[in-house]
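Asker: Sending over a structure as structure tokens; questions will come in a sec.
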Amino acid sequence: MQMQTFQDWNLKVKKTFSATSNEAVLTVTEAGKLLGLSKDQMKLYVDKSKLTKVPIARSTHRYLVLQKEIEEILKK
């Protein structure tokens, strides 16, 4: 019997979103890792820096961030 591989809910949403959009997105956790921040620090950073929050259907508190905005920050 093969074990079901666990997929993080946010990653699953990202995959679904990416399938229907030409905009590359990252989860808050992924973006935070790129910038060396924890998930909570990244959420504060998104608000402070007024980054685009890509809303997730049926969820008020979760969102994705635009990969291009994170790449711009990394270039600085």
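Asker: With contacts defined as alpha carbon pairs under 8 Å and 6 or more residues apart, what's the relative contact order of the chain in percent? Kindly include the intermediate steps, with their values, before the conclusion.
Answerer: Numbers: 63 pairs, mean separation 22.2, N = 76.
The value is 29 percent.
Asker: Label the range 15-76 by shape, choosing from rounded, prolate and oblate, from the square roots a ≥ b ≥ c of the eigenvalues of the Cα gyration tensor; if a/c is under 1.5 it is rounded, and otherwise prolate applies when a/b is larger than b/c, oblate when it is not. Walk me through the numbers on the way to the answer.
Answerer: Details: a/c = 1.85, a/b = 1.30, b/c = 1.42.
Note, shape of the range 15-76 comes out oblate.
Asker: Label-point separation (nm) for LYS39 and ASN22, each offset 7 Å from Cα along Cα-to-Cβ?
Answerer: 3.2
Asker: What's the angle, to the nearest 10 degrees (0 to 90), between helix 39-48's Cα axis and the longest principal axis of the chain?
Answerer: So the helix axis and the longest Cα principal axis differ by about 40 degrees.
Asker: In the structure shown, do any of LYS43/LYS75; LYS39/LYS75; LYS12/LYS68; LYS33/LYS68; LYS15/LYS76 have a Cα-Cα gap over 18 Å, and if so which? Mind showing how you got there, number by number?
Answerer: Working: LYS43/LYS75 20 Å; LYS39/LYS75 21 Å; LYS12/LYS68 20 Å; LYS33/LYS68 15 Å; LYS15/LYS76 28 Å.
Flagged as over cut-off: LYS43/LYS75; LYS39/LYS75; LYS12/LYS68; LYS15/LYS76.
Asker: Along Cα→Cβ, 7 Å out, is where each label goes; now give me the distance between the ones at ARG58 and LYS75 in nm to one decimal.
Answerer: 3.7
Asker: I've got another one for you. Using only the alpha-carbon atoms, how far is helix 9-20 inclined from the longest principal axis of the chain? Give it as 0 to 90 degrees, nearest 10.
Answerer: Between helix and principal axis, roughly 80 degrees.
Every read-out reported here was derived from the displayed coordinates using simple, explicitly stated rules and does not represent laboratory data. Remember, predicted model here, so these are calculated numbers, not experimental data. Note that each Cβ is placed from the backbone with ideal geometry, even for glycine, and that neighbours are counted across all protein chains shown.
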